[in-house]
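The values are calculated or read from the model by the stated rules, or taken from the named source; none is laboratory data. Nothing here was measured: the structure is a model prediction, and the numbers come from that model. Cβ placement follows ideal geometry from the backbone for every residue including glycine, while neighbour counts extend to all protein chains displayed.
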6 protein chains.
Amino acid sequence: MSRPDGRSPAEPRSVEIVPHFHRNAEGSVLYRAGGTVVLCTASIDAVVPAWMAGKGKGWLTAEYQMHPRASRARREAREGRGKSPSGRTQEIQRLIGRALRSAIDLEAIGERTIVIDCDVLEADGGTRTASVTGGFVAMALALAKLRASSVVAPVLRDQVAAISVGHVGGEAMLDLVYEEDSQARVDLNVVATARGAIVEVQATAEGEALERRALDGMIDVGLAGVAELVTMQRSALTAAGVELASLFQAGRFA
Amino acid sequence: MSRPDGRSPAEPRSVEIVPHFHRNAEGSVLYRAGGTVVLCTASIDAVVPAWMAGKGKGWLTAEYQMHPRASRARREAREGRGKSPSGRTQEIQRLIGRALRSAIDLEAIGERTIVIDCDVLEADGGTRTASVTGGFVAMALALAKLRASSVVAPVLRDQVAAISVGHVGGEAMLDLVYEEDSQARVDLNVVATARGAIVEVQATAEGEALERRALDGMIDVGLAGVAELVTMQRSALTAAGVELASLFQAGRFA
Amino acid sequence: MSRPDGRSPAEPRSVEIVPHFHRNAEGSVLYRAGGTVVLCTASIDAVVPAWMAGKGKGWLTAEYQMHPRASRARREAREGRGKSPSGRTQEIQRLIGRALRSAIDLEAIGERTIVIDCDVLEADGGTRTASVTGGFVAMALALAKLRASSVVAPVLRDQVAAISVGHVGGEAMLDLVYEEDSQARVDLNVVATARGAIVEVQATAEGEALERRALDGMIDVGLAGVAELVTMQRSALTAAGVELASLFQAGRFA
Amino acid sequence: MSRPDGRSPAEPRSVEIVPHFHRNAEGSVLYRAGGTVVLCTASIDAVVPAWMAGKGKGWLTAEYQMHPRASRARREAREGRGKSPSGRTQEIQRLIGRALRSAIDLEAIGERTIVIDCDVLEADGGTRTASVTGGFVAMALALAKLRASSVVAPVLRDQVAAISVGHVGGEAMLDLVYEEDSQARVDLNVVATARGAIVEVQATAEGEALERRALDGMIDVGLAGVAELVTMQRSALTAAGVELASLFQAGRFA
Amino acid sequence: MSRPDGRSPAEPRSVEIVPHFHRNAEGSVLYRAGGTVVLCTASIDAVVPAWMAGKGKGWLTAEYQMHPRASRARREAREGRGKSPSGRTQEIQRLIGRALRSAIDLEAIGERTIVIDCDVLEADGGTRTASVTGGFVAMALALAKLRASSVVAPVLRDQVAAISVGHVGGEAMLDLVYEEDSQARVDLNVVATARGAIVEVQATAEGEALERRALDGMIDVGLAGVAELVTMQRSALTAAGVELASLFQAGRFA
Amino acid sequence: MSRPDGRSPAEPRSVEIVPHFHRNAEGSVLYRAGGTVVLCTASIDAVVPAWMAGKGKGWLTAEYQMHPRASRARREAREGRGKSPSGRTQEIQRLIGRALRSAIDLEAIGERTIVIDCDVLEADGGTRTASVTGGFVAMALALAKLRASSVVAPVLRDQVAAISVGHVGGEAMLDLVYEEDSQARVDLNVVATARGAIVEVQATAEGEALERRALDGMIDVGLAGVAELVTMQRSALTAAGVELASLFQAGRFA
């Protein structure tokens, strides 16, 4: 079955990572994967939410927002304006936050809050996984800056990235574009580490339920995709002058 | 590792299903699994939301709400009152809705809306999976009532149930109580059919990421648990005078 | 004039009071009066709202909510979700709170907050008066539990119950069902004590104004109804192992 | 027991009614009763709410709002701004609406909506009863204007007014000022017609419950107070050139 | 070009200022300019917002609200009720606040908050400028009362008033009524001091852009109008027994 | 007086205009003026709001939002999320909308809605004027695209741009950065056309009121700044292959 952009089933979209796109945030990237563009910023603030104060621990949280013209077809109302963010948005924010918290040692960062803002400027499928993958790079840039000021010991415990897999036309397809996503029978998002360990798997059969064996195959494809993305994350950081290994706690870098 | 209630690792909690507990809804059960109690009602209305009108198709949606005293420890503010339901609540509602929609043929029910209300009266872990499992029985009772009035052909396509699995102390544990849940390194919810096919898997590592092999083991334990629950669902329906097979489309009953 | 359920004009509906229905709350009853079912829980928390702190006094407040399928006819939107509770709901909550506060000595309970949650599971008229009558029993069960822990001296000052009276077809009718309520020219709710003293009277002529003499007759019927309910409350408490007299302040038990 | 302003127990405050104070509304009065001042406007619009359209009937509704500096002591936040009006405000609005709807024949006014706005500029007790009493005059002025344009037959069925009664120091006291209100053991509001028939009675014992006999005495005092107010309403209307009798349906003027 | 009320182009509407209309506020006026009526109250509270506490400085803020029947044509929904005030309302509130803050020395009033409430009872154009002009008088009355209690040194730095100017039919027109406002090509509001210095200018071309020369002419007309209004403010204050000069800081009175 | 970035008083910041930055919108630019960066998109939809339907006219509206990390110092809460946009945001949106509506012939665009989204990614003063200036270019690119599809006749009537002027240290300063803005005694924003005609002037004295002569000087400086900006707008459009003249109605291009 041929794909709209001619990729083979297990081939991810080409990725472009522009570091320091946003000049005010402690870390930032403009993350492009095909027609999906996310501006990820990482801000570090030397306070924690009131409910965490005095525990000597830090916190990380994420916000996700679609630009009103993220869709190719037409402008939509600005998400969450004048009302609570939608259930979908909150679900995605919680996913990004969990994924990136799993990568760092919150005890080690001290009473600081890291906020990852993921603003989807253009959307063509895979915006939540792009937010995790790009958000990790923005976070690493911010941690490198923090580290440069010599205040904080290394805090990274894992390198994480995320990708989507669909079950389309009887086959597992990596990194779906919007057009494929709307035809997929099953939609799976996988967040995993550079070592191939699993941080989060969410698989949803929109139509017919899925055989166990087929699920296993989709997870395999997803883990292979994550392995490609972690390489791209490292290259982008190296190009920006940051050696990822230097941000890792002893014995954790893979 | 011993469990708070003495169960073996792969043993689900004892379940009690009280059919017709609520007299006004088309279908209802009071679903008890250990210290978790959910009132599930299924209401059928002969209209669909405006955005679906005129397509000859039906719709199914779910609402989930915690009673303010669902927790053993203390009363909490009434969820979603005077403000939007929390992200967690919306996430659970969406899960219940997807799970039960996968069980029926929306074309076949005609322009009707089924609403599944899951009111958690007491909470001791596993409230979202209890809502799916109990919600399926309430839905079947309502469909039997609809069927008795001879208007609608069989609409069921699958029997679904859900259960949680945790990774606690290096081992997969089925159907966690609250105390276990808060210690689990990984939390997995699985929604599956009577045939063992997967409707939804959500696995989240709260701490250290999980080896692929361990994930596979947890899914195995969860599917075995679902197999036990579907048997209990059928017994409860039979006791209430409803033969599940009669509600199934030809060739779909397993 | 015959009534839909065959009762005589001054006859209340049969009442069933299931104590300890909810296992987590300090006190609870499932209160059934004909087709009306209310789950009443009483939660006691050892703090008071900020505006009352440091005065050595306690507080009692109530919440009231209709289950979305409380009506026999059809499901309605979940009350107060994503917006403020309706004016009607707030009015009822204030009534329940005032009624039950009049029954206890807030100085004597110390800096504690009692919250009475009244969840109307099924509605066939008289839900606000059922909430007061059932709420009193839940509160007494919670106070008995608190008393058993020897911390608090007796705090009850009055036993209260409530009932509705309508003016239908020229006659006072006790404890209206929904069908009668919608035809009543005048609707009266009376909250009174076991001694027959009045805590609250609310009479509203929906159509033609009411002669003073007719109002007096309606109040008479209502007070007789309350006298029957207080007997039922005592029986239910005795059956649950609680002697009401033991919870009363000296010289106040009637 | 002496009163703060030297009145005898059954003596209402002196009332001043300034007709046509607001020039844009179809009817308006500035209503002053001692230290309480309410601007009442009656607006008539030739449409009804969507849920009433096509029935050939009219509707009447009321809004009530406190000026942020209505209290003598200090400014308070503007009621209901940026959030829903408080439960108290909604309760009062519903009372004013019911009271004034009872005075007119909604069939006879045709598909029109009358809105009574009661803006409390200064508050010294009795603002809800002042709103009913002043609101009736504003409504009559608007109906006279409508009548002058010859479109509508007489629509009034009753003349209504309202007053408060308290039980202070063992005695019924008419028309409480704020200082008395805060000391009253029981608070009663009565809405009645010029014939002395009852539209609404709300009696609430804030402390000790009230003997039936004492309630009867308070209602007597309240009805006598209403009788004085209806006379003042008529004088004010006559002075403004409106004969109330001309607005009444045949045989209804008392 | 003739004006609806026969005024010449540079002639303001006749103004009536009723001091002490509201008896509870520290200062108040009922301000009438033709068909526009604004109730302005000034409340002084001996606290400041939390973000200003401990700086020894005071604060002044303003609220503006339209009465639902302010318009001659028909009743409109109560502004800002159950939702945030409109953008227009907030813009006006910010303008009034800035204008009156520029008139006083916030250091000199100490930790006090002055709130100016401008309730537009009737609207016929120029409500925001009427609020500034009337609000200044209410503020001066409140400051005189504060001064009388000898606690505070003089705090006034400038006398301010505001007026609107339109460009209608090729000519600058002062103090537009609603009918003119809706035809104006350009709308300008000017807030200025008794010395003719400018506090705020807002000019907006709704249609064709405006030549620089024409703008200058409109400002001239506006400043002349303000000069007339400051004289009226002084007369009203003198009639109320307040000499404005006595409230001014040394060397600031013009 | 020297400026933080070494500019002379009447010198604007260097501007960079990146056309087509956003690939989905009909028109877009990334607009950079010093440390201020605004992503402006223009979306054209072939419908109008319900209140305008059937009039054969189009509409233009604008939205403005600050990125949570727009400030150099620290992250701020996402503006308008879960609540209404602030008064400041609404004021700015209304300004951008008025400014760009003045540039086009709404009759000529037919029943279409143009929405200009101005997302401030980085903020260093002058974000509202940057939004107008960049928004005009995005709009022109979108109109060129619409024009290319031959459906619409030329609709532009004026070329508009905007800039800020401050009164700092006794002198008019063009195009303030944040640091200057916070010290300015007077803040003025001017929107004007390529011909030098005025669309909007807003001048606000935060401290001492301003002499008329000084206001005139500030407007002069602002108009000179706008003249420079309109040149830059044209160059950017030319570089993007769009000749502005071709979008103008006959006789309107300056």
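Things to note:
- Residues (touching a helix residue (DSSP H, G or I) at 6+ places or on another chain (Cβ under 7 Å) and small (Gly, Ala, Ser)) located in the range A:196-238: A:GLY196, A:ALA203, A:ALA236
- Checking F:VAL186 against (1) at the interface with chain E (Cβ under 10 Å from one of its Cβ atoms); (2) modelled with pLDDT of 95 or more, the condition it does not meet: (2)
- D:ALA224 being out of contact with any Ser or Thr (no Cβ under 6 Å at 6 or more places or on another chain) and at pLDDT 95 or above: yes
- Selection within the range B:1-28 - within 13 Å of another protein chain (Cβ to nearest Cβ) and crowded, with 20+ Cβ neighbours inside 10 Å: B:HIS22, B:ASN24, B:ALA25, B:GLU26, B:GLY27, B:SER28
- The set of residues from the range C:129-150 being surrounded by fewer than 24 Cβ atoms within 10 Å (Cβ to Cβ) and touching a helix residue (DSSP H, G or I) at 6+ places or on another chain (Cβ under 9 Å) comprises C:ALA144, C:ARG147.
- Number of the condition not met by F:VAL48 [criteria: (1) at pLDDT 95 or above; (2) buried (at least 17 other Cβ atoms within 10 Å of the Cβ)]: (1)
- Unmet requirement for A:ALA214, which otherwise passes all of (1) among the small types (Gly, Ala, Ser); (2) under 30 Å from B:ALA103 (Cβ atoms); (3) within 20 Å of the chain's Cα centre (by Cα): (3)
- Set side by side, the residues B:ALA33, B:ALA10, B:ALA25 differ, and just one is within 17 Å of C:ARG23 (Cα to Cα), touching a residue at least 40 places away in the same chain (Cβ under 8 Å) and touching a strand residue (DSSP E or B) at 6+ places or on another chain (Cβ under 8 Å), which is B:ALA33.
For every residue, the table says whether it meets (1) of a type outside the set (Gly, Ala, Ser); (2) within 14 Å of chain F (Cβ to nearest Cβ).
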| residue | (1), (2) |
| --- | --- |
| E:ALA161 | no, yes |
| E:SER182 | no, no |
| E:VAL191 | yes, yes |
| E:GLY196 | no, yes |
| E:GLN202 | yes, yes |
| E:GLU206 | yes, yes |
| E:LEU215 | yes, yes |
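- Test: C:GLY58 is more than 11 Å from every other protein chain (Cβ to nearest Cβ) and among the small types (Gly, Ala, Ser): yes
- Test: A:ALA142 is within 19 Å of A:GLU243 (Cβ to Cβ), away from every other protein chain (no Cβ under 14 Å) and in contact (Cβ under 8 Å) with a residue 24 or more places away in the chain: no
- Per the listing B:VAL152, B:VAL115, B:VAL137, B:VAL160, the residue uniquely more than 22 Å from B:MET232 (Cα to Cα), in contact (Cβ under 8 Å) with a residue 40 or more places away in the chain and under 14 Å from the mean Cα position of the chain (by Cα) is B:VAL115.
- Here A:THR193, A:THR204 are screened, and the one residue that is of a type outside the set (A, V, I, L, M), buried (at least 21 other Cβ atoms within 10 Å of the Cβ), in contact (Cβ under 8 Å) with a residue 12 or more places away in the chain and more than 30 Å from A:ALA142 (Cα to Cα) is A:THR204.
- No other residue among E:ALA53, E:ALA42, E:ALA33, E:ALA62 is under 29 Å from E:LEU156 (Cα atoms), surrounded by fewer than 17 Cβ atoms within 10 Å (Cβ to Cβ) and small (Gly, Ala, Ser) apart from E:ALA53.
- Of the criteria (1) over 22 Å from the mean Cα position of the chain (by Cα); (2) more than 28 Å from B:ILE198 (Cα to Cα), which one B:ARG69 fails: (1)
- The listed residue being among the β-branched types (Val, Ile, Thr) and either under 27 Å from C:GLY97 (Cβ atoms) or surrounded by fewer than 21 Cβ atoms within 10 Å (Cβ to Cβ) (or both), out of D:VAL160, D:VAL199, D:VAL242: D:VAL199
- Just one of the listed residues (E:VAL165, E:VAL155, E:VAL186) is farther than 25 Å from E:ASP117 by Cα and crowded, with 20+ Cβ neighbours inside 10 Å, namely E:VAL186.
- Residue check: E:ALA42 meets all listed conditions (1) more than 20 Å from E:GLU26 (Cα to Cα); (2) more than 12 Å from chain F (Cβ to nearest Cβ); (3) touching a Ser or Thr at 6+ places or on another chain (Cβ under 9 Å) but one, namely (1).
- Residue check, C:GLN233 surrounded by fewer than 15 Cβ atoms within 10 Å (Cβ to Cβ) and closer than 18 Å to C:THR36 by Cβ: no
- Residue within the range F:218-229 that is in contact with an Asp or Glu (Cβ under 8 Å, 6 or more places away or on another chain), more than 13 Å from every other protein chain (Cβ to nearest Cβ) and closer than 30 Å to E:VAL190 by Cα present: yes
- From F:LEU141, F:LEU146, F:LEU100, residue being part of a helix (DSSP H, G or I), in contact with a Pro (Cβ under 7 Å, 6 or more places away or on another chain) and either more than 18 Å from F:ASP187 (Cβ to Cβ) or not aliphatic (A, V, I, L, M) (or both): F:LEU141
- For the range E:82-92, the tally of residues that are surrounded by fewer than 21 Cβ atoms within 10 Å (Cβ to Cβ) and either away from chain F (no Cβ under 13 Å) or part of a helix (DSSP H, G or I) (or both) stands at 4.
- Tally of residues being surrounded by 20 or more Cβ atoms within 10 Å (Cβ to Cβ) and either closer than 20 Å to F:ASP187 by Cα or without any contact (Cβ under 8 Å) to a residue 40 or more places away in the chain (or both) across the range E:207-217: 2
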